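Trainee: Sharing a structure with you now.
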Amino acid sequence: MSKQNISFYESVNLNFDKASKLVDLPKGLLEQIKVCNAVYQMKFPVKVGNQIKVIEAYRVQHSHHRLPTKGGIRYSTHVDQDEVMALAALMTYKCAIVDVPFGGAKGGVKINPTKFTERQLESITRRYTTELVRKNFIGPGIDVPAPDYGTGPREMAWILDTYNTFKNGEIDSAGCVTGKPVNQNGINGRNEATGRGVYYGIREVLSYEKDMREIGLDPGTAGKTMVIQGLGNVGSFAGLISQEEGDIKVIAVSEFEGAIYSEKGLNVQKLIKFRKNTGSIIGFPGSVSLPNRDVALELECDILVPAALENVITKENAPRIKAKIIAEAANGPIAYEAEDILLKKGIIIIPDMYVNAGGVTVSYFEWLKNLSHTRFGRIEKRFNQNTYTNLVGLIEKMTGKVISEREKLILTKGADEIDLVRSGLEETMVEAYNQIRLVAKRKKKVQDLRTAAFINALNKVGNDYLNLGVFP
Ligand code: GLU
C-alpha cells in the first residue's frame, strides 16, 4: 500500500460529507448515520507451536437501522480499528444501494493467514467466533459475518460449527454466517458473486451509448481492454466472467510477485491455473513482465479493476492513471485525495459500494435460503419444466414442425438454484445502477457516481431511521 495522509475511515467520512450536503435530512440524523454504533476490540491467546500468541481482532457494527448487521471478516496484517470501521460503514451504504435489508458491519483479525497452519487458523477462527457469541455479536438476527480478504468458505464453516456448539437446537442457526461451502448450508454462486457482480456493473455502465461517447468509447463490453490488480477471489472471477461473457480483453494483471502484460490478452482461466501450479504469475506463456507491480495501474486501458486492498490509487499515482473507467472491485482502492484528480481527467469511477455489492447480495440470498430451509428452485423447477414441455408440444402440434431435442432441452429447462442466484444478482446490479445514474443525471451538483450512490444510500438509511420513529 502506498503512503497516504488521510486514513481510510476519514476518506469514507469525507465522501459521506460531500454527499450529505446534497440530501434533505436532519443534521442530527446524518450524524447518527455516519458514526459506528458499536466497536468491539478483542485480544485472545492462541497456541502456535510451543508459544502463546496474542491475537488482535475486531467486529464493528456500523448501523442498526436494519437487522441483522452484515459484513465480512478480514484476515490481514493491515487490520486495525480504523480500517474495520471504514469497511463497516461501507457495508451500510452498500446494502442500502442494492436494497439488501441489513445494517453494515465488518470484522478483522490482525494476522497473516499464510503464516499459520490450517489447524492454527481453525483455532483462531473458532476462538474469534466464541468471543462474538459471548458478547452477542453474532446470530442470524443479530450480526452475520461472511468472507472477505484472507478468508473463504472454509473459515465460514468453522464459524457455523462453533456457533452451533453454543446454540444447539436454534432452528435458524445456519443463517448466522454466509459464504459457507455449498454442501454445508451455503448457496451455489456465492463464491463467484462479487466478481460476477463487478462484471454486471461494468456491463451496465458500458451499455449507455451517450455516457460512453463522452469518454471516447463505443458502448458495449466486446473488445474493451481491462487491467486487473489482484488475482484473489474477486479479481479472478471478475476477469474470468468479463472475458467469457463480455468478450473483454484482459491485457495486464498484477499481484504480490509482480505484473504481466500481453497486448493480445491473457487467458485468465489458464493464468489462474498457472499461478496455482507455479506460485506466481511471472513467466506465464505469451506474457511479458512489467518492471514492477505498480505500473500495471498506470497502463493505458479502457477499464482498470483494482481488486485487492484500499488506498492503492493515491494523489501520487493518480496523475499517471490512463484508464477511462475504474471499477472499484476492492473496498476503498481510491484515496479521497486522488478522487478529484481522476474526475478532472474525465475518468468514470464505478464506486465500491455499488460495483462490489454482488457478494453481499448473494449472501442475502444464502441467508434467505437458510431461513426458509429449502434451496431455491426446489418447489417450482419441475412444475415449470412440465408447463414448458406442454407448450413446446402444443407448438409442434399447431405448426406441424419438429423441434430438435437439443432445442427442446433449452426451451423447457426449469431454473436451478444457480440460475436463480445469477438472475437475482443481475437484476440487483442493473436496478441499482439505474437508480444511481438517475441521481447523477438529475441532480445538477452531482458530478460523479460515488456521490450519487451515497445520496441514494443516505436517503434509504435516513428514511428507515425516520420510519423507526427514533427521530421525531
Ligand atoms: N466481504 C464482502 C463485502 O465486502 C461480502 C460481505 C457479505 O457477504 O456479508 O462486501
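Trainee: Does the range 130-159 hold any residues that are within 13 Å of the ligand (Cβ to nearest atom) and among the small types (Gly, Ala, Ser), and which are they?
Mentor: Ala146, Gly150, Gly152
Trainee: Moving to a separate point now. Has the range 295-304 got at least one residue that is of a type in the set (A, V, I, L, M), within 16 Å of the ligand (Cβ to nearest atom) and surrounded by 24 or more Cβ atoms within 10 Å (Cβ to Cβ)? Explain how you work it out, then say what you get.
Mentor: Going residue by residue through the range 295-304, those that are of a type in the set (A, V, I, L, M) are 295-297, 299, 303-304.
In the following step, the residues that additionally are within 16 Å of the ligand (Cβ to nearest atom) were identified as none.
No, there is no match, as no residue in the range 295-304 is of a type in the set (A, V, I, L, M), within 16 Å of the ligand (Cβ to nearest atom) and surrounded by 24 or more Cβ atoms within 10 Å (Cβ to Cβ).
Trainee: Return the total of residues in the range 160-180 being more than 15 Å from the ligand (Cβ to nearest atom), assigned to a loop (DSSP other than H, G, I, E, B) and either within 25 Å of Leu420 (Cβ to Cβ) or not basic (Lys, Arg) (or both).
Mentor: Here the count works out to 5.
Residue-by-condition table, conditions (1) open to solvent by 10 Å² or more (accessible area, probe 1.4 Å); (2) without any contact (Cβ under 8 Å) to a residue 24 or more places away in the chain; (3) not hydroxyl-bearing (Ser, Thr, Tyr):
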| residue | (1), (2), (3) |
| --- | --- |
| Trp158 | yes, no, yes |
| Ser173 | yes, no, no |
| Arg190 | yes, no, yes |
| Met226 | no, no, yes |
| Gly239 | no, no, yes |
| Ala252 | no, no, yes |
| Tyr261 | yes, no, no |
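Trainee: Oh, and also: Can you name every residue in the range 66-93 that is within 11 Å of the ligand (Cβ to nearest atom) and assigned to a strand (DSSP E or B)?
Mentor: Thr69, Lys70, Gly71, Gly72, Ile73, Arg74
Trainee: Further question: Applying the selection to the range 313-341, what residues are open to solvent by less than 20 Å² (accessible area, probe 1.4 Å) and within 23 Å of Thr77 (Cβ to Cβ)?
Mentor: Start the filter on the range 313-341 by keeping residues that are open to solvent by less than 20 Å² (accessible area, probe 1.4 Å), which leaves 313-314, 317-318, 321, 323, 325-335, 338-339.
Of everything in the range 313-341, those that are open to solvent by less than 20 Å² (accessible area, probe 1.4 Å) and within 23 Å of Thr77 (Cβ to Cβ) turn out to be Ile313, Thr314, Asn317, Glu328, Ala329, Ala330, Asn331, Gly332, Pro333, Ile334, Ala335.
Trainee: Name the single residue, out of those in the range 343-370 being more than 15 Å from the ligand (Cβ to nearest atom) and in a helix (DSSP H, G or I), that is nearest to Gly72 (Cα to Cα).
Mentor: Among those that are more than 15 Å from the ligand (Cβ to nearest atom) and in a helix (DSSP H, G or I), it is Leu343.
Trainee: Is it the case that some residue within the range 6-17 is open to solvent by 60 Å² or more (accessible area, probe 1.4 Å) and either on the phi < 0 side of the Ramachandran plot or not in a loop (DSSP other than H, G, I, E, B) (or both)?
Mentor: Step one: of the range 6-17, the residues open to solvent by 60 Å² or more (accessible area, probe 1.4 Å) are 10.
Filter again for either on the phi < 0 side of the Ramachandran plot or not in a loop (DSSP other than H, G, I, E, B) (or both), leaving 10.
Yes, there is a match, as at least one residue in the range 6-17 is open to solvent by 60 Å² or more (accessible area, probe 1.4 Å) and either on the phi < 0 side of the Ramachandran plot or not in a loop (DSSP other than H, G, I, E, B) (or both).
Trainee: OK, next. Out of curiosity, is Ser254 among the polar types (S, T, N, Q), part of a loop (DSSP other than H, G, I, E, B) and modelled with pLDDT of 95 or more? Full working, then the answer.
Mentor: Numbers: among the polar types (S, T, N, Q): yes; part of a loop (DSSP other than H, G, I, E, B): no; modelled with pLDDT of 95 or more: yes.
No.
Trainee: Within the range 329-342, work out how many residues are part of a helix (DSSP H, G or I) and either among the small types (Gly, Ala, Ser) or closer than 17 Å to Asp148 by Cα (or both).
Mentor: 1
Trainee: Please work out if Asp143 is among the acidic types (Asp, Glu), open to solvent by less than 10 Å² (accessible area, probe 1.4 Å) and at pLDDT 95 or above.
Mentor: Details: among the acidic types (Asp, Glu): yes; open to solvent by less than 10 Å² (accessible area, probe 1.4 Å): yes; at pLDDT 95 or above: yes.
Taking the combined requirement at face value, the residue satisfies it.
Trainee: Moving on to the next point. Hey, among the residues in the range 359-383 that are open to solvent by less than 100 Å² (accessible area, probe 1.4 Å) and without any contact (Cβ under 8 Å) to a residue 40 or more places away in the chain, which one's nearest to Lys106 (Cα to Cα)? Give the steps one after another, and end with the answer.
Mentor: Looking only at the range 359-383, we keep the residues that are open to solvent by less than 100 Å² (accessible area, probe 1.4 Å), and these are 359-372, 374, 376-377, 380-381.
After this cut, where a residue has to be without any contact (Cβ under 8 Å) to a residue 40 or more places away in the chain as well, the list is 368, 372, 374, 380-381.
Working: Leu368: 20, Ser372: 25, Thr374: 27, Glu380: 36, Lys381: 36 Å.
Out of the qualifying residues, it is Leu368.
Trainee: Name the pairs: first residue in the range 59-74 and more than 9 Å from Phe102 (Cβ to Cβ), second residue open to solvent by 10 Å² or more (accessible area, probe 1.4 Å) and among the charged types (D, E, K, R), Cβ to Cβ under 7 Å, at least 6 apart or on different chains?
Mentor: His65/Asp464; Gly72/Asp148; Ile73/Asp148; Arg74/Asp148
To keep it simple, each residue is scored yes or no on (1) more than 26 Å from Asp294 (Cα to Cα); (2) assigned to a helix (DSSP H, G or I); (3) at pLDDT 95 or above.
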| residue | (1), (2), (3) |
| --- | --- |
| Arg196 | no, yes, yes |
| Tyr199 | no, yes, yes |
| Glu204 | yes, yes, yes |
| Arg213 | yes, yes, yes |
| Pro219 | yes, no, yes |
| Met226 | no, no, yes |
| Leu231 | no, no, yes |
| Val234 | no, yes, yes |
| Ser242 | no, yes, yes |
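Trainee: If you scan the range 118-136, which residues turn out to be out of contact with any Ser or Thr (no Cβ under 8 Å at 6 or more places or on another chain), under 22 Å from Pro68 (Cβ atoms) and open to solvent by less than 30 Å² (accessible area, probe 1.4 Å)?
Mentor: Within the range 118-136, Tyr128, Glu131, Leu132 qualify.
Trainee: Name the residue, out of Val46, Val100, that is buried (at least 18 other Cβ atoms within 10 Å of the Cβ), in a loop (DSSP other than H, G, I, E, B) and either within 16 Å of the ligand (Cβ to nearest atom) or more than 25 Å from the chain's Cα centre (by Cα) (or both).
Mentor: Numbers: Val46 fails: in a loop (DSSP other than H, G, I, E, B).
Answer to the check: Val100.
The values are calculated or read from the model by the stated rules, or taken from the named source; none is laboratory data. Just so we're clear, the structure is a prediction, and the values are computed from it rather than from any experiment. Note that we place each Cβ from the backbone using ideal geometry, even for glycine, and neighbour counts take in every protein chain shown. To get the accessible areas, we keep the full protein, side chains included, count just its heavy atoms, and leave off ligands, DNA and RNA. Shrake-Rupley method; radii C 1.70, N 1.55, O 1.52, S 1.80 Å.
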